[in-house]
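Following: one structure in structure tokens, then a few remarks.
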Amino acid sequence: MVERVTLAVTGASGAQYAMRLLECLVQAGVEVSFLISQAAQLVVATETEWQLPAKPQALQAFLVERFAAKPGQIRVYGKQDWMAPVASGSGAPSAMVVCPCSTGSLSAIATGASNNLIERAADVALKERRKLILVPREAPFSTIHLEHMLKLSQMGAVILPASPGFYHNPASVADLVDFVVARILNQLDIPQQLLARWGE
């Protein structure tokens, strides 16, 4: 089980996945470095009832209170905070999740753009051969999107589309969200009770 995770939220639809994942990580006692793009801020405001504070310090206080996190368990970094631990292989957590992962972020990560902290943190995960999980949410995928996913998969990233299954007989949207979040937690080797493993 990982003890420290970078969670980056980008501007694709699916803010519910990110917030539920953050909640589960906190409940599991994982330390989270939280990064969010400006586009993701707009998506969260559109898809949920939350109005997230724009400034990192205020957002950190909001998330700590909202998820009853321990002091220091959630740390929020701004998009140009190049001194953040996640910007360097010597300080970054052993795993990173981009959830949801916009196709723009997918492209930037695949090409090593590193124009902001999210892209740089993903670049660090790749170069250090650490677990990088990308959760794209788009339909349909273009050839460009598929080529970027293939390239990233060949570099060792895990491509985990936000595609909930139905074999567990979901009764609500929350059940569909939990399906995807459970798959992410399984990839991180974090125990979860959201979804039984196949055959259990």
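Read-outs: derived from the displayed coordinates by stated rules, not from any lab. Bear in mind the structure is a predicted one, so any value in this text is a computation, not a measurement. Note that each Cβ is placed from the backbone with ideal geometry, even for glycine, and that neighbours are counted across all protein chains shown.
Here, the chain is characterised by an Rg to Rh ratio of 0.93, where Rg is the alpha-carbon radius of gyration and Rh the Kirkwood radius.
Positive end of the dipole of the chain (Cβ unit charges, origin at the Cα centre): among 27, 153, 92, the Cα lying farthest that way belongs to 92. The packing ranking of peptides 38-45, 19-26, 137-144, highest mean first, is 19-26, 38-45, 137-144, where packing means the average number of other beta carbon atoms within 10 angstrom of each residue. Working from the Cα coordinates of segment 25-114, the gyration tensor eigenvalues give, after taking √(5λ), semi-axes of 21, 18, 12 Å in decreasing order. A simple rule links phi to the HN-Hα coupling: the Karplus curve 6.51 cos²θ - 1.76 cosθ + 1.60 with θ = phi - 60°, which for segment 142-148 gives 7, 4, 4, 4, 5, 5, 5 Hz, with x for Gly and Pro.
The convex hull defined by the C-alpha atoms of segment 117-200 has an orientation-averaged projected area of 7.0 nm². Ordering 198, 50 by the number of other Cβ atoms within 10 Å of each residue's own Cβ, fewest first, gives 198, 50. For the chain, the mean residue ellipticity at 222 nm estimated from helices alone is -12500 deg cm²/dmol, where every DSSP H run of n ≥ 4 contributes -39500 (n - 2.57) and the total is divided by all residues, rounded to the nearest 500.
Taking amide H as placed 1.01 Å from N in the peptide plane, residue 158 has its amide H under 5 Å from the amide H of 132, 133, 134, each at least 5 places away in sequence or on another chain.
Centre-to-centre separation between the Cα atoms of segment 1-56 and those of segment 127-147: 18 Å. Can you pick out the pairs among 70/127; 55/151; 79/131 whose Cα atoms lie more than 24 Å from each other? Among 70/127; 55/151; 79/131, the Cα-Cα distance tops 24 Å for 70/127; 55/151. In this structure, the amide hydrogen of residue 8, modeled 1.01 Å from its nitrogen in the peptide plane, lies closer than 5 angstrom to those of 35, 97, 98, 99, counting only residues at least 5 positions away or on a different chain.
Residue separation of residue 139 and residue 23 scaled by 0.36 nm, minus their Cα-Cα distance, works out to 39.1 nm of gained length. For segment 4-187, the relative contact order works out to 23 percent when only alpha carbon pairs closer than 8 Å and six or more residues apart are counted.
Along segment 99-106 the Karplus relation, 6.51 cos²θ - 1.76 cosθ + 1.60 evaluated at θ = phi - 60°, assigns HN-Hα couplings of 9, x, 10, 5, 5, x, 5, 4 Hz to successive residues, with x for each Gly and Pro. Note on residue 196 and residue 80: the extension gain reaches 37.8 nm, defined as 0.36 nm multiplied by sequence separation minus the Cα-Cα distance. Projecting the alpha carbon convex hull of segment 86-135 along each direction and taking the average yields 2.9 nm². Between residue 173 and residue 65, the contour length at 0.36 nm per residue exceeds the Cα-Cα span by 36.4 nm. A simple spin-label model places pseudo-atoms 7 Å from Cα toward Cβ; at residue 113 and residue 50 they are separated by 2.4 nm.
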